[in-house]
Amino acid sequence: MPDRPLSILFVSSEVYPFAKTGGLADVSHALPMALRELGHDVRVMLPKYGNVSERRNRIHEINRLKEVPIAVGDTVEPATIKSSSMQNPRTKVQAYVTTNFTYFDSKKGLYADPVTGEPYNNDERFIFFDRSVVTTCLLLGWFPDIIHCNAWQTGLIGAYIRTMHAKEFARTRLVFTIHNAADQGIFPASSLEKTGLPKEVYPRLTHAKQLNFTKAGMEFADAITTVSPTYAKEITRDKIASGGTPALFRGYQIEGILNGIDTYYWNPKTDPLIEHRYDAESWKDGKALNKKALRDRMKLPHEEKVPVLATIARLGEAKGIPLLIEILPELLRESVQIVVLGEGDPSLATTLQKLAAKHPKKLAVFMGFDDELAHLIEAGADMYLMPSLFEPCGLNQMYSMVYGTVPIVRATGGLIDTVTEFDPDARKGTGFVFRDYTADDFLAAIKRALALYKKPTYWATLVQNCMSQDFSWSKSARRYEEIYRDILARR
Ligand code: GLC
C-alpha cells in the first residue's frame, strides 16, 4: 500500500513573504512548499505583526475563528485567526495568521522595537501565539498528524497539547526544530505562571531556574532536529554555538538536517526579482549586467576589473560583523568594491555608515531589509563574505553559490557542510574557508580569493563548481517526511 499523505501544521514566528528577519522565514516558506509538493496537506501558522499588510498578503477572515479569548496570566486577550496562502507556479500552501492588537498589530517589529532595539514582552506574546495555535486546531476540529514547531517562539505548543489537551491530540506527533540554539527564549521564572500550564510541568519548562522555551520545546517533542549536521554536533560541545549551554542539549537526541533553498525564488534562471536572468552557460554576461545594475543602485563607480564583494546580514556579533569592520580599513586598500545590506545593532550600523562616507567609491551600505536588493546583490556580486561567529545553517552562502557568487566563509556550523576550499590543482571546491575568528585568517582567505579572481580560467571553474551544486529541498524534505512517519509509527 502506498504511504498515505500526512496532515502537517508547520508553525513559525516568521514566514516569507509575510514576515522576515532572517533565514527562519525562508525555511518556513520553502520547506512547507516542498512537503506540499510531496503530496501532504501542509498548512503554516504565524502571527500577524503590525507591519504585515492584510491587503497585500490577501489575508481574510475565517467565520469560526473570530475574537477567540486567550488567557495570558491573569489577562484575557482576543485572537482572531485569519487565512491566506503562499504560492509559486508549482504549488500552494494555506496559511493561518494570528491577529491581536495588543501583542502584534500595535507593534512594528517582530521581536523588538525597530528604533530603540528594545525587546517587546515576548514571553506574553508567544505564550499567546502558542495558545492560539492550539486553540485553532481545537476550533477547527483539525488534529494534524504532525505539528512541526520551529524556533523557541513555538516552544510551548507541545506543553499545552500534552498536558491540557492530551486527549484531543493523542494521535498528533510533534517535531521541534532548533534554528539558533543561542536564542533560547529565556525569561524569569516568574513568567511561568503566565503560561497557565499545570505546576507539575514547570521543571520541564525550566533551565537554570528560568523559563526556557527551547527546553520546553525539546521536552515535549517526539523528534528534535536542527538545521545542519555540523551544528547538531556543535551545540552539544561548543559554548558559543549553544548559547553557553552545551550541557542542556546533551540531554536530548538531536538530528541535524541541512536546510535547502527555494529553487524558484533563488535561481538566477527564474528569479522574478532580477532583470537579467542567467544560467551556468551565460553567467559571465548575466553577472556583468547585474553587476552594472548593482553598482548603479549602490552608486558605486564602474570599474571593470574590480570585483564586488558583498554581504547581507543581521548586523550583530553572530554574523561576524565586528570582524568585518575590523578588517575593512585594510581590505579597502585592495582593489575591491564592497556592498553591505543589513539591519540590526545601531552602533555597528553607524560605524559602517561612517566608513562608507569616507570611502564612497569603494564601500556602499544599505541599512534595512530589501528583498529585491538582496537578489540583485547575489546576482551582481563576485564574492560573498560570511565570517560568522557561529552559523546553524546559513542560507546566503547557498544562494551565493547558485548565483555564481563565490562564498568566503568561516569554518563553522552549516558553512562547513556547504562550502569547501577551492583547490586549483584538482579544480575542486566551491569557495574559500578560514578557521579562526581572527582578522588575519579572514583577510588571508579574502586575499586567496582576490588572487584567484585575477586568473579568469580558474575563476570560471570555481564559478561553475558553485553553480552546479544542488541545494534544493528535495533530499531534506524527504528526511523530514521519514521522521514524521517514524514518530507516527511509534506508540
Ligand atoms: C537561523 C540561523 C541560520 C539558519 C536559519 C534557518 O536564522 O541563524 O543559520 O540558516 O535560522 O534555519
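The values are calculated or read from the model by the stated rules, or taken from the named source; none is laboratory data. Here the structure is a predicted model, which is why all the values come from computation and not from measurement. Neighbour counts are summed over all protein chains in view; Cβ atoms, including those assigned to glycine, are modelled from backbone coordinates with ideal geometry. Side chains included, ligands, DNA and RNA excluded: accessible areas come from the protein's heavy atoms. Shrake-Rupley method; radii C 1.70, N 1.55, O 1.52, S 1.80 Å.
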- Scope the stretch 314-334; condition open to solvent by 10 Å² or more (accessible area, probe 1.4 Å), of a type in the set (G, A, S) and at pLDDT 95 or above; matching residues: A318
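Keeping to the stretch 70-99, report how many residues are without any contact (Cβ under 8 Å) to a residue 40 or more places away in the chain, closer than 21 Å to T195 by Cβ and open to solvent by less than 60 Å² (accessible area, probe 1.4 Å).
Pass one, the stretch 70-99, residues without any contact (Cβ under 8 Å) to a residue 40 or more places away in the chain: 74-76, 78, 80, 82-83, 85, 87.
Those left that are additionally closer than 21 Å to T195 by Cβ: 74-76, 78.
Adding the requirement that they be open to solvent by less than 60 Å² (accessible area, probe 1.4 Å) leaves 78.
Within the stretch 70-99, residues that are without any contact (Cβ under 8 Å) to a residue 40 or more places away in the chain, closer than 21 Å to T195 by Cβ and open to solvent by less than 60 Å² (accessible area, probe 1.4 Å) number 1.
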- Close pairs from the stretch 24-51: first in the same structural domain as L110 (by TED's automatic domain parsing) and under 24 Å from F143 (Cβ atoms), partner within 16 Å of the ligand (Cβ to nearest atom) and of a type in the set (V, I, T), Cβ under 7 Å, at least 6 apart: S28/V15; S28/V44; P32/V44; V44/V15; M45/V11; L46/V15
- Going by the conditions given, is F176 aromatic (F, W, Y), in contact (Cβ under 8 Å) with a residue 12 or more places away in the chain and within 16 Å of the ligand (Cβ to nearest atom)? yes
- Message: Against the condition hydrophobic (A, V, I, L, M, F, W, C), in a strand (DSSP E or B) and either within 18 Å of Y49 (Cβ to Cβ) or open to solvent by less than 10 Å² (accessible area, probe 1.4 Å) (or both), how does V175 come out, does it pass?
- Response: yes
- What do you reckon, is K215 closer than 27 Å to A34 by Cβ, basic (K, R) and either in contact with a strand residue (DSSP E or B) (Cβ under 7 Å, 6 or more places away or on another chain) or within 16 Å of the ligand (Cβ to nearest atom) (or both)? no
- Task: Please tell me if L385 is open to solvent by 10 Å² or more (accessible area, probe 1.4 Å) and within 16 Å of the ligand (Cβ to nearest atom).
- Result: no
- With the checklist (1) within 11 Å of the ligand (Cβ to nearest atom); (2) open to solvent by 10 Å² or more (accessible area, probe 1.4 Å); (3) not small (G, A, S) in hand, flag the one item V27 doesn't pass. (2)
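Scan the stretch 230-256 for residues that are in a helix (DSSP H, G or I) and either more than 13 Å from the ligand (Cβ to nearest atom) or over 18 Å from D417 (Cβ atoms) (or both) and jot them down.
Going through the stretch 230-256, the residues in a helix (DSSP H, G or I) turn out to be 230-234, 246-250.
Answer for the stretch 230-256, where residues must be in a helix (DSSP H, G or I) and either more than 13 Å from the ligand (Cβ to nearest atom) or over 18 Å from D417 (Cβ atoms) (or both): K233, P246, A247, L248, F249, R250.
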- Is one or more of the residues making up the stretch 325-338 in contact (Cβ under 8 Å) with a residue 24 or more places away in the chain and within 16 Å of the ligand (Cβ to nearest atom)? no
- Message: Consider the stretch 448-491. How many of its residues are open to solvent by 40 Å² or more (accessible area, probe 1.4 Å) and without any contact (Cβ under 8 Å) to a residue 60 or more places away in the chain?
- Response: 11
- Item | Qualifying residues in the stretch 30-49 (those that are open to solvent by less than 30 Å² (accessible area, probe 1.4 Å) and of a type outside the set (A, V, I, L, M, F, W, C)) - the one nearest to the ligand (Cβ to nearest atom) | P32
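Give the number of residues within the stretch 356-380 that are free of Cβ contacts under 8 Å to residues at least 60 places away in the same chain and either more than 22 Å from A288 (Cβ to Cβ) or surrounded by fewer than 19 Cβ atoms within 10 Å (Cβ to Cβ) (or both).
Counting residues in the stretch 356-380 that are free of Cβ contacts under 8 Å to residues at least 60 places away in the same chain and either more than 22 Å from A288 (Cβ to Cβ) or surrounded by fewer than 19 Cβ atoms within 10 Å (Cβ to Cβ) (or both) gives 8.
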- Please verify whether the stretch 101-111 includes one or more residues that are away from the ligand (no atom under 16 Å from the Cβ) and among the hydrophobic types (A, V, I, L, M, F, W, C). yes
